[in-house]
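The block underneath contains the structure these notes are about, expressed in structure tokens.
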Amino acid sequence: MTKKNLYPHTLLNIDLRVAITFLFAVLTSTLAFAQDKAIVKGNVVDEAGKKLFGVNVSVLGFPGGSSTDDNGSYQIEVPSGKDIELAFSFIGMQLKRIPARLEPNESLSLDIIMQKSSTPLPAVEVKDRQRTPVTFIKLDPKSVEQIPNASGNFEAILKTFPGVVSNNELSSQYSVRGGNYDENLVYVNDVEIYRPYLIRSGQQEGLSFINPDMVESVLFSAGGFDAAYGDKMSSVLDITYRRPEKFGGSVYLGLQGAGFHLEGLSKNERFSYLTGVRYKTNQYILRSLETKGEYKPNFADAQALLNYKLTKRTEISLLGNYSFNQYQVVPENRETEFGTVNEALRLTIYFDGQEVDKYNTLTGAVTLSHNVTDSFNIKFIASAYRSDENESFDILGQYFIDELENDLSSDNFGDVAFNRGIGTFLDHARNELDINVYSFEHKGSLQSQVVDWKWGARYQHEKINDLISEWNYIDSAEYSLPHPPDNIGGAGDPNQLIELQEVIKTRSKLSSNRMSGFIQGSLLLGKSELFSVTGGLRANYWDLNDELVISPRASIAFFPDWEKRWNFRFATGIYFQPPFYRELRDFQGNVHTDVKAQKSIHFILGADHTFLAWGREFKFVTEGYYKKLENLVPYKIDNLRIRYFGENNSDGYATGVDFRINGDFVPGVQSWASLSFLKTEEDIRNDDYYKYYNSDGDLIVPGYTFNDIPTDSSLVSPGNIARPTDQRLTFSLFFQDYLPKFPTFKMNLTLVYGTGLPFGPPGEDRYKDLLRFPSYRRVDIGFQKIIIDEDNPKDHRLKFANKLKSLWIGLEIFNLLQVNNTVSYLWVTDVTNRTYAVPNYLSARTLNLRLQARF
């Protein structure tokens, strides 16, 4: 009899064919790189003979490149046997072009003298160091197009950055430095973006708001951000959509969906448009989940950015987005093997019923911008957001808990040895949530020779209607669990009382108003060595809980005039997060309108260092941080669902250090690696509990609500406990490569590793969350063939091809190593009231084909 693998979720279960293919591709790239190359090397100086550091050296029309080191020296590998043109470029210097032709393995010494450019540098070059907030990272939007991405959402690129954690490849949600998903700010063109709230899992989640085809610039801060940004405790993602300069567009098609975008500018250059339509279905990926059934996910959105110049100094713009997301599943069966070597178990479930979820959102914003002078700008923004969310399911499951034969010498190894228990559960929900948010705000900026000022004021009105009706029922071996004390007869007894679990039936309506404002100033100090100083004050008032909070924030950056290119920064501030709605609702569905704002005090110290390695420029970034957390609302996380306690009864902290290095590990293409260490804990007030030992010597922990406390019991104060986002170590890598002889063949790889998050049994007792998820391990890889290269245009025989800027086809392999990552646990119980935590695994290895064109 064939031996069965009892533990398919281990890292050792790797498809050899995929691993060999991957290694062959790497070896092929390495061997090709070593053949038919020549070398050019030398020194670069200015007209005075001073050695120049950081001069870019490249071969025109070919990928890759190099740069000069501290001594002005460079070395670059170039194609042999063909005419090439070497290019030397440096800020403030004239571009130098040198034609050459080298034979295979030939080495050429070439010294270059750079001459000053006759075109003066813009005066803003120095001031740019001040304009960019010091705690922000600039992202390249093109990286999203290249990264292997199972969710299809823009936020996937953030998950490779230090301090950012996401253990669910199907979701766009992320946590930053110990925060949760609700603690992140997202802006698109100064408009705050919201997300649906009823989503429980990644497979239900559709398209995020951000359309990658429309993005021009990206700023991201993991903490210590300026007062100009809103009232959240963890991070800011600031997106600016592109301003079209001519007609263009793109189209893509893949196994996960399709989309297109169009952009253009009128002849008089007063009107521009940028539109995009996307469709996504993750049905193909969902088929790899352990729960088999009929999945029907359909997600689509359409958005547009329209700009019109009323005058030379006045412009009006309209940003609109409509998103339709529907998730339907009719589950059939599930089989999961879990446990240990000594106790190998299998859970088998047969389902009946279905789930239908709908999340429809509408966002609109009108912005009027007027340049009073070249340095004085004012804006007025009116925006509206509506979310209509419905969650409906009735799922009946009949489950069998079996113990498997674990004797390797047995012919029945891996088969069922005996049954541990059988049972039935029924999950029911009819939930509706309607959210309407209307806002009007004013923003202004004034740039002077000494101080740059920014200010703003905002009024926001919210209307929320929430209807919750959900419960579950468990029947194990004809016993309802938990069964009441007077339940004597069992399932056949007509007097049996049925007790439902986790019953929530509430209806809530809220209407409230918020007012907020800020003012901040920035200035530069020094000449050769620069200090950039920013300070600001932010205020927020919410009439529902009658609370006013004041948030001072400050940052300072030091740019020393050193040859080694260092800069240092320090940021601090008080970050209040007033509750929105979910923080007000407790486990029973009750809404507590007296919940106050959570508070986080940031202390961040960081440094950047630019250096040369292998003749190429790299950047090393590090930040250490400590966040003092006060007045927290405790919560538990189940997959993507955050359940709050509904009261401010916790204090805590988050501390850690992040590292990131990026540069051309392979000449001409950017890659980066991130490493983060984190520890976050909280002390929940009034969470003491009693424990005692029964007559058999068993430890009994009934919880602090236990009424009949034995005399020999002892009171336990848990003190600091790990927060649900306490992921101690994370490492991520985004790596790009290409075949040197065939640079149109490219490879992109992402690797993510994170230690386990804390979890515990269902319920509100957070002190029981002493277990840890298995480590999250994920490798995705993508291969691309560039058919038409935007950076190297050529004439094509087909006329339509000459109208395309770029065209490429790609193959993506998600979860290359076939690791079964755990996203949550299903808790099942047998008749002895023993509870089992059965892991819910994420997606298995899947493929995706993708074709994209730009015109």
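The values are calculated or read from the model by the stated rules, or taken from the named source; none is laboratory data. Predicted, not measured: the structure shown is a model, and the values here were computed from it. Glycine gets a Cβ as well: all are built from the backbone with ideal geometry, and neighbour counts include every protein chain shown. Quick note on the areas: whole protein, heavy atoms, side chains included, nothing else; ligands and nucleic acids left out. Shrake-Rupley method; radii C 1.70, N 1.55, O 1.52, S 1.80 Å.
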Förster radius 30 Å - calculated FRET efficiency between Leu715 and Glu630 (Cβ-Cβ, nearest 0.05): 0.75
Cα gyration tensor of the chain - equivalent ellipsoid semi-axes, whole Å, descending: 50, 35, 27
Cβ-Cβ FRET estimate between Phe418 and Trp827, R0 fixed at 30 Å, reported to 0.05: 0.85
Relative contact order %, the chain, counting alpha carbon pairs below 8 Å whose residues are six or more apart: 10
Modelled FRET efficiency - R0 45 Å, Glu269 with Thr572, Cβ distances, 0.05 increments: 0.50
Accessible surface, 1.4 Å probe, highest first, among residues Ser674, Ser369: Ser369, Ser674
Area accessible to solvent at Arg772, 1.4 Å probe radius, in Å²: 90
Thr424, Thr373, reordered so the largest accessible area comes first (probe 1.4 Å): Thr373, Thr424
Two-decimal Rg to Rh for the range 742-800 - Kirkwood Rh, Cα set: 1.45
The range 373-412: proportion of alpha-carbon pairs further apart than 16 angstrom, %: 78
Point-to-point label distance, Asn545-Phe742, nm (Cα→Cβ direction, 7 Å offset): 6.0
Too-long pairs where the Cα-Cα distance tops 23 Å, listed order kept, from Lys138/Lys246; Lys599/Lys691; Lys312/Lys379; Lys41/Lys82; Lys292/Lys358; Lys138/Lys599: Lys138/Lys246; Lys599/Lys691; Lys138/Lys599
Square roots of five times the Cα gyration tensor eigenvalues for the range 276-321, Å: 43, 7, 6
Dipole of the chain, positive direction: furthest Cα of Asn833, Thr725, Pro552, with charges on the beta-carbon: Pro552
With at most 12 neighbouring Cβ atoms within 10 Å, loop GluC sites (Glu not before Pro) (DSSP) excluded, longest segment of the chain: 564-789
Ranking by accessible area, most exposed first, for Tyr459, Tyr689 with a 1.4 Å probe: Tyr459, Tyr689
Extension gain, Gln328 back to Thr373 (0.36 nm per residue minus Cα-Cα distance, nm): 10.8 nm
P(r) histogram, all alpha-carbon pairs of the range 552-697 included - 5 Å bins from 0, percent: 2, 8, 12, 13, 13, 11, 10, 9, 8, 6, 4, 2, 1, 1, 0
Potential extension, Thr348-Tyr194 segment - 0.36 nm per residue separation minus Cα distance: 51.6 nm
Over the range 563-623 - Rg/Rh using Cα atoms and the Kirkwood inverse-distance radius: 1.37
0 to 90° range, to nearest 10: angle between helix 16-33 axis and the chain longest Cα axis: 10
Contour minus Cα-Cα distance for Ile316 and Leu110 (0.36 nm per residue): 68.7 nm
Lys463 - accessible surface, heavy atoms, 1.4 Å probe, Å² rounded to 10: 100
The chain, dipole about Cα centre (Lys/Arg Cβ +1, Asp/Glu Cβ -1), debye to the nearest 20: 4040
Spin-label model distance (nm) - Ile601 vs Leu851, 7 Å beyond Cα toward Cβ: 6.0
For Val59, solvent-accessible area (1.4 Å; no DNA, RNA or ligand), Å²: 10
With every protein chain in place, the chain: carbon and sulfur % of accessible area (1.4 Å): 56
Set of aspartates and glutamates near Lys116 by C-alpha distance (under 16 Å), chain-local residues within fewer than 8 positions excluded: Asp46, Glu47
Lysine-lysine proximity count for the range 711-855, Cα under 30 Å, sequence distance 8 or more or distinct chains: 16
